[in-house]
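Trainee: There's a structure below that I have some questions on.
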């Protein structure tokens with residue numbers, strides 16, 4: 001159980017349980033949750049019962065498993081429409097994917113990580129980790145670095161503190177100094193690159209979506225495989241990528257993206 005959940009009382013504990021169920025990506029038994037929970041057995045059971053009665057979780061009597069409930073799905077869709085830039089950006093990323101013939105990702109910052117809020121596959125898609133709704137690391141993804149590079153210094157310090165610096169590949173930036181040096185280049189060039197830093201064989205070029213005040217409200221990337229292109233070839237999409245990011249920023253600004 002994290003500190004935030006503890007400090008937020010019953011609501012925090014319930015959200016902690018929801019996170020645990022969601023993280024499994026499949027129906028989960030009570031015994032599994034209990035093994036990973038710091039809540040006493042009776043407390044965990046009470047929280048699960050409350051979440052089920054409120055429609056946030058669903059319980060299968062036959063399999064004796066818990067899964068995310070339909071009410072939570074409705075809330076997630078409402079949040080996507082109201083708090084995500086995805087509905088505004090969707091036609092732009094669709095057009096970009098058709099122009100470049102590659103996969104396009106749209107992401108927003110979620111603490112120190114990135115939340116993929118939309119994705120448009122290439123006509124011939126390639127298998128990769130990122131999917132809409134998934135959370136990825138900030139320090140070794142193109143969208144993550146694009147979002148981090150344009151943060152205010154104090155905000156960036158806090159975000160960097162949350163990075164794991166786990167070495168996913170031989171190209172992963174595994175120290176704060178390495179990351180900060182790359183972020184400086186990104187600020188100067190306006191785009192970020194994932195040089196197989198998160199997944200072997202997967203590269204991308206990403207651009208921040210900046211408000212009129214220079215605040216990063218999202219990031220956009222064009223992603224491909226090294227079997228198709230190398231980084232030099234991928235750099236050719238930089239102009240259309242930046243143009244699309246600007247168009248999304250203007251559309252979001254008109255929509256008055258919430259602070």
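Coordinate-derived values only; no laboratory data. Source: prediction; values computed, not measured. As a convention, Cβ positions derive from the backbone with ideal geometry for all residues, glycine included, and neighbour counts pool all protein chains shown.
Trainee: To the nearest 10 degrees, how steep is helix 70-83 against the longest Cα principal axis of the chain, on a 0 to 90 scale?
Mentor: For helix 70-83, the angle is close to 30 degrees.
Trainee: Follow-up question, since we're still on this one. What do you get when you divide the Cα radius of gyration of the chain by 2.2 N^0.38 Å, with N the number of residues? Before the final figure, lay out each step's value.
Mentor: Working: Rg = 19.8 Å, N = 259, 2.2 N^0.38 = 18.2 Å.
Compactness ratio reported: 1.09.
Trainee: In addition: So what is the relative contact order of the chain, in percent, for Cα pairs below 8 Å that sit 6 or more residues apart? Don't skip to the answer; put the middle values down first.
Mentor: Values: 421 pairs, mean separation 37.8, N = 259.
Contact order relative to length: 15 percent.
Trainee: Where the eigenvalues come from the Cα gyration tensor of segment 3-74, what are the semi-axes √(5λ) of the equivalent ellipsoid, largest first, in whole Å? Before the final figure, lay out each step's value.
Mentor: On the way: eigenvalues 64, 40, 24 Å².
So the three semi-axes of segment 3-74 are 18, 14, 11 Å.
Trainee: How tilted is helix 9-24 with respect to the longest principal axis of the chain? Cα atoms for both, answer in degrees (0 to 90, nearest 10).
Mentor: In the chain, helix 9-24 runs at an angle near 70 degrees to the longest axis.
Trainee: Hey, fewest Cβ within 10 Å first, where do 21, 143 land in order? Let's see the in-between values first.
Mentor: Working: 21 24, 143 30.
Placing the least packed residue first, the sequence is 21, 143.
Trainee: What is the extension gain from residue 233 to residue 171, computed as 0.36 nm multiplied by their sequence separation minus the C-alpha to C-alpha distance, in nm to one decimal? If you can, show how the numbers build up before the last one.
Mentor: Numbers: separation 62, 0.36 × 62 = 22.32 nm, distance 1.89 nm.
Using 0.36 nm per residue and subtracting the Cα-Cα distance, I get 20.4 nm.
Trainee: So how far apart, in nm, are the two label points at residue 212 and residue 164 if each is 7 Å from Cα heading toward Cβ?
Mentor: Between residue 212 and residue 164, the label points sit 4.0 nm apart.
Trainee: Let me ask something else. Sort 31, 221, 53 so that the residue with the fewest other Cβ atoms within 10 Å of its own Cβ comes first and the one with the most comes last.
Mentor: Result, fewest neighbours first: 31, 53, 221.
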